[in-house]
Every structure is written in C-alpha cells, then in structure tokens.
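Colleague: This structure is in structure tokens; I'll ask about it shortly.
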Amino acid sequence: MAELRVDLAGVKLRNPFLLASGIWGESGESLAGAWRAGAGAVITKSIGAEPRAGYPNPTVEVYEKWGMLNAMGLPNPGIEEYPREIAVARAAGATVIGSVFAATAEEFARLSARMAEAGVVAIELNLSCPHAEGFGTEVGSEPEDVERIVHAVVRAVHLPVIAKITPNTANPAGLALAAERGGAKAISTINTLRGLAVDTTLGRPVLAHGLGGLSGAAIKPIGLACVWQIFEKVHIPIVGVGGIRSAEDALEYVMAGARAVEVGTAITFEGVSLFGRLANGLSARLDELGFARVEDAVGVAHRAAG
Ligand code: DHB
C-alpha cells in the first residue's frame with residue numbers, strides 16, 4: 001500500500017487528510033472523534049481573544065448536491081477557556097493544529113503564543129473568513145498586512161505557522177508570497193468564498209448576517225486553481241482546501257501542488273467516518289497509478305503542463 005505519511009513543514013502527519021477549521025464543532029471531544037475516525041490531524045475552530053456568541057440563526061443554507069453557505073460569526077469560547085478543549089483532544093492522542101483569528105498583528109501573536117502553550121503542533125492563521133467585520137479577509141487581503149501579521153506570529157512562537165489565504169482576491173500567489181516572506185512555513189488555501197442567498201418570499205437574505213461563506217463541491221475548481229497558481233510561486237508546502245469529498249478530489253489537489261488537504265463540508269454531510277474512506281481510497285489510487293508515496297505525486301501536474 002502506498003505511503004500516506006507526509007511531512008508538513010516538520011509536522012509529521014499520519015495521512016494528508018486534515019479536519020478543516022470550524023467543522024465538526026469546537027469541543028475537544030469532537031476533535032478527538034475526528035482523530036479516532038482517522039484524520040491526519042485536526043484543526044480547531046478559529047479562536048479569538050474574547051468569548052463570542054456568533055451571529056443569530058439562520059447561520060447555514062445547505063445546497064444538497066454542491067455545498068453550503070454559512071455565516072456563524074466566529075463563535076468561540078475565547079483563548080482563556082479553549083486550552084482545556086485542546087487538552088481533551090490531545091489526551092485522545094490527536095495531532096492538533098490551532099486556528100486563531102484577530103484584528104491586529106499583535107493580537108494574532110498573543111493568541112498564537114497562548115495556543116502554543118496549549119500544546120498544538122502548528123498555528124493556522126485565519127486571514128480569510130469572508131464576512132466577519134474587522135477579521136479574516138478584512139485583515140488578510142493586502143500582501144503587506146499578511147506579511148506583517150505572519151512575521152509578528154513567527155516571532156512569538158516556535159511552531160510552524162500556516163497562513164490560510166483567501167480566494168477572494170485577484171492574486172492569491174501574491175498573498176502566499178507575502179506570507180512566505182513573513183516566515184510562514186506553509187500556506188493553506190482556500191477558505192470559503194463570499195456568497196449570498198435571498199429568500200424571495202420574505203424579500204431578505206436567507207442568513208441572518210446576510211453575506212456568508214460558500215463551501216463544498218462547487219468551489220473545488222477554484223481551490224485547485226489557487227493551489228496551482230501558488231505552487232508555481234512559493235517554495236513552502238501548500239495545504240489544499242475546498243470541495244474535497246473523495247480520494248480522487250484529494251489526489252487532484254496533490255497533483256496540483258498540495259502536500260496535505262483539509263476536509264470540511266463533506267464531513268458535515270457525511271460524518272467523520274469519511275476520513276477512513278478517504279485514506280484507504282487515496283492509498284489504493286496511488287498504488288494503481290504507481291506512486292509509492294503521496295509525496296511523490298505532489299505537483300506532478302505541473303510537469304505535464306510544462
Ligand atoms: C466562519 C469563519 C470562516 O473562516 C469561514 O470561512 C466561514 C465561517 C464563521 O465562523 O462564521
């Protein structure tokens with residue numbers, strides 16, 4: 001069977017399938033469940049400085065065949081409370097990556113240092129939530145801001161820093177290069193795309209917040225294009241995200257340049273048992289194609305494209 005273990009910026013993953021941030025709840029027990037089901041690592045819900053209740057309902061609109069639109073409002077218990085959830089996930093043996101969101105570089109650095117103390121193996125910076133006032137894309141859309149934020153975090157922690165880059169930009173590779181200059185050890189891309197659904201009977205947006213983030217199968221080609229463009233420009237590893245629900249989807253991302261992938265919406269639809277099926281499926285498909293290891297397939301589509 002093909003080797004699924006990958007090294008992501010020095011972090012050893014038992015397979016390349018990561019639980020995406022914000023999926024499957026925020027409790028330590030739910031993260032532990034995803035780990036037990038076979039995830040290569042689990043990424044926490046994005047955590048901020050203070051407890052946040054999030055937006056009122058409705059927060060999710062499901063499109064059965066192709067995805068969903070959500071605006072949760074970054075609900076989380078805050079960084080003072082959250083380490084106890086990480087402890088629960090770690091007690092189950094999980095490899096935990098801590099996701100943080102903040103309004104300033106200083107706050108990102110402080111939250112990341114606190115996350116590091118809680119025992120995570122890497123920090124993922126949410127520079128890409130498409131609808132939260134003062135956070136996400138509002139601080140992650142300009143290369144100078146991305147470089148400054150990443151640099152502040154890199155100075156504050158000894159762990160690998162992963163910058164999660166938005167697809168809501170003309171130049172994703174420009175943002176990834178800025179993160180690399182700032183000292184990021186990996187890029188994850190994409191986050192959700194800004195979207196809207198309208199209830200025509202009520203004559204108002206479906207989600208209470210109005211704008212939301214689109215995820216799921218519909219966004220896979222966009223995620224692949226971002227990974228493809230970034231792979232051509234940056235040297236640090238890429239984590240591919242967006243619309244992955246099968247081993248074949250994951251292998252597309254790997255061949256486009258991803259060393260690992262995050263799975264989100266498909267887990268909310270199918271449950272964490274999907275992780276086992278993805279790992280087995282990828283191993284079998286790599287065998288079929290004659291790749292001994294996932295790492296041998298990273299970026300191969302670029303060679304073919306010349
Ligand atoms: C939320 C955060 C995100 O980063 C995202 O992509 C979608 C939703 C949220 O908590 O609302």
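The values are calculated or read from the model by the stated rules, or taken from the named source; none is laboratory data. In this text the structure is predicted, and so the values were computed from the model without any measurement. When we count neighbours, we look across all protein chains shown, and the Cβ atoms used for this are built from the backbone with ideal geometry, even at glycine. Heads up: the accessible areas ignore ligands, DNA and RNA and are worked out on the full protein's heavy atoms, side chains in. Shrake-Rupley method; radii C 1.70, N 1.55, O 1.52, S 1.80 Å.
Colleague: If you count only protein heavy atoms and use a 1.4 Å probe, how large is the accessible surface of Cys129, to the nearest 10 Å²?
Modeller: Probe radius 1.4 Å; accessible area of Cys129 about 10 Å².
Colleague: Treating each Cα of the range 47-182 as an identical point scatterer and ignoring solvent, apply the Debye formula and state log10 I(q)/I(0) at q = 0.10, 0.17, 0.20 Å⁻¹.
Modeller: -0.34, -0.95, -1.19
Colleague: Taking every pair of alpha-carbon atoms in the range 1-115, what share in percent sits in each 10 Å bin, from 0 to the bin with the longest distance?
Modeller: 13, 38, 35, 13, 1
Colleague: Compute log10 of I(q)/I(0) for the range 6-305 with the Debye formula, placing one identical point scatterer on every Cα and leaving out solvent, at q = 0.07, 0.11, 0.13 Å⁻¹, to two decimals.
Modeller: Rounded to two decimals, the profile gives -0.23, -0.58, -0.83.
Colleague: I'd like the accessible area for Arg14, computed on protein heavy atoms only with a 1.4 Å probe and all protein chains in place. Round to 10 Å², please.
Modeller: Roll a 1.4 Å probe over it and Arg14 shows about 100 Å².
Colleague: Next question, about the same structure. Using amide H atoms built 1.01 Å from N in the peptide plane, name the residues 5+ places from Arg194, or on other chains, whose amide H lies under 5 Å from its own.
Modeller: Here the answer is Leu214, since their amide H atoms fall under 5 Å of that of Arg194.
Colleague: Could you state how much accessible area Ile222 has, in square angstrom rounded to the nearest 10, with a 1.4 Å probe and all protein chains kept in place?
Modeller: Here the accessible area works out near 70 Å².
Colleague: Something else: Give me D for the range 213-283 in µm² s⁻¹, whole number, from Stokes-Einstein with Rh from the Kirkwood sum over alpha-carbon pairs, 25 °C and 0.890 mPa s. Write down the numbers at each step before the final one.
Modeller: Values: Rh = 12.2 Å.
Answer, rounded: 202 µm²/s.
Colleague: Would you list the P(r) distribution for the range 260-306, with all Cα-Cα distances sorted into 10 Å bins from 0 and each bin expressed as a whole %?
Modeller: Result returned by the calculation: 22, 42, 30, 6.
Colleague: Can you tell me which of 112-119, 3-10 comes out highest on packing, and rank the rest after it, using the mean Cβ neighbours within 10 Å? Working shown, then result.
Modeller: Working: 112-119: 19.0, 3-10: 16.9.
Per-residue Cβ counts within 10 Å, averaged per peptide and sorted highest first, yield 112-119, 3-10.
Colleague: Here's another thing I want to ask about it. Roughly how big is the chain's charge dipole about its Cα centre, with Cβ charges of +1 (Lys, Arg) and -1 (Asp, Glu), in debye to the nearest 20?
Modeller: Details: 26 positive and 32 negative charges, 86 e Å.
Dipole magnitude for the chain comes out near 420 debye.
Colleague: Checking the cross-link filter: which lysines have an alpha carbon closer than 20 Å to that of Lys220, excluding same-chain neighbours under 8 positions apart?
Modeller: Qualifying lysines at Cα under 20 Å: Lys65, Lys164.
Colleague: Which net charge results when you count Lys and Arg as +1 and Asp and Glu as -1 among the other residues whose beta-carbon is under 15 Å from that of Asp145?
Modeller: Values: positive: Arg148, Lys164, Arg181; negative: Glu106, Glu107, Glu138, Glu142, Glu144, Glu147, Glu180.
Local charge sum for Asp145: -4.
Colleague: Explain nothing, just the number: dipole magnitude of the range 77-223 about its Cα centre with +1 on each Lys and Arg Cβ and -1 on each Asp and Glu Cβ, in debye rounded to the nearest 20. It would help to have the intermediate numbers written out before the result.
Modeller: Values: 12 positive and 15 negative charges, 77 e Å.
Using only the charged Cβ atoms, the result is roughly 380 debye.
Colleague: Amide H neighbours of Ile244 under 5 Å, counting only residues 5+ apart in sequence or on other chains, H built in-plane at 1.01 Å?
Modeller: Those lying under 5 Å, H to H, from Ile244 are Gly264.
Colleague: How high is the relative contact order of the chain, in percent, with contacts defined as C-alpha pairs under 8 Å that are six or more residues apart?
Modeller: Numbers: 766 pairs, mean separation 61.4, N = 306.
Across the chain, relative contact order equals 20 percent.
Colleague: As a check on your grasp of the helix formula, calculate [θ] at 222 nm for the chain: sum -39500 (n - 2.57) over DSSP H runs of n ≥ 4, divide by the residue count, round to the nearest 500.
Modeller: Details: 12 runs with 114 residues, N = 306.
Estimated from H runs of four or more residues: -10500 deg cm²/dmol.
Colleague: To make sure I understand the rule: partners must be aspartates and glutamates, Cα under 14 Å from the Cα of Lys45, and not fewer than 8 residues away in the same chain. Which ones qualify?
Modeller: Glu26, Glu29, Glu81, Glu85, Glu124, Glu262
Colleague: For the range 105-253, what mean projected area does the convex hull of the alpha carbons give, in nm²? Display every interim value, and only then the final one.
Modeller: Values: hull surface 39.6 nm².
Averaging across all directions leaves 9.9 nm² for the Cα convex hull.
Colleague: Note down the net charge around Val11, summing +1 for each Lys or Arg and -1 for each Asp or Glu among other residues with Cβ under 15 Å from its Cβ. Working shown, then result.
Modeller: On the way: positive: Arg5, Lys12, Arg14, Arg90, Lys185, Arg259; negative: Asp7, Glu124, Glu262, Glu295.
After counting each charged neighbour, the total is +2.
Colleague: Once you place label points 7 Å from the Cα toward the Cβ at Ala208 and Asn57, how far apart are they in nm?
Modeller: Reported label-point gap for Ala208 and Asn57 is 0.9 nm.
Colleague: Skip the ligands, DNA and RNA, and give the accessible area per residue of the chain with a 1.4 Å probe, whole Å².
Modeller: Numbers: 12220 Å² over 306 residues.
Ligands and nucleic acids excluded, the result is 40 Å² per residue.
Colleague: Can you give the net charge of the other residues whose Cβ lies under 12 Å from the Cβ of Trp35, counting K and R as +1 and D and E as -1? Display every interim value, and only then the final one.
Modeller: Values: positive: Arg14, Arg36, Arg90; negative: Glu29.
Net local charge, Trp35 excluded: +2.
Colleague: With a 1.4 Å probe and all protein chains left in place, how much of the accessible area of the chain comes from carbon and sulfur atoms, in whole percent?
Modeller: Values: 6460 of 12220 Å².
Summing carbon and sulfur atoms, their accessible area is 53 percent of the total for the chain.
Colleague: Report the residue, chosen from Asn126, Asn15, Asn57, that carries the largest GNM mean-square fluctuation when the chain is represented by alpha-carbon nodes joined by springs under 10 Å.
Modeller: Judging by the Gaussian network model, the answer is Asn57.
Colleague: Ordering Lys164, Lys12, Lys65 by accessible area with a probe of 1.4 Å, largest first, what comes out? Walk me through the numbers on the way to the answer.
Modeller: Values: Lys164 15, Lys12 145, Lys65 165 Å².
Ranked from most to least accessible, the order is Lys65, Lys12, Lys164.
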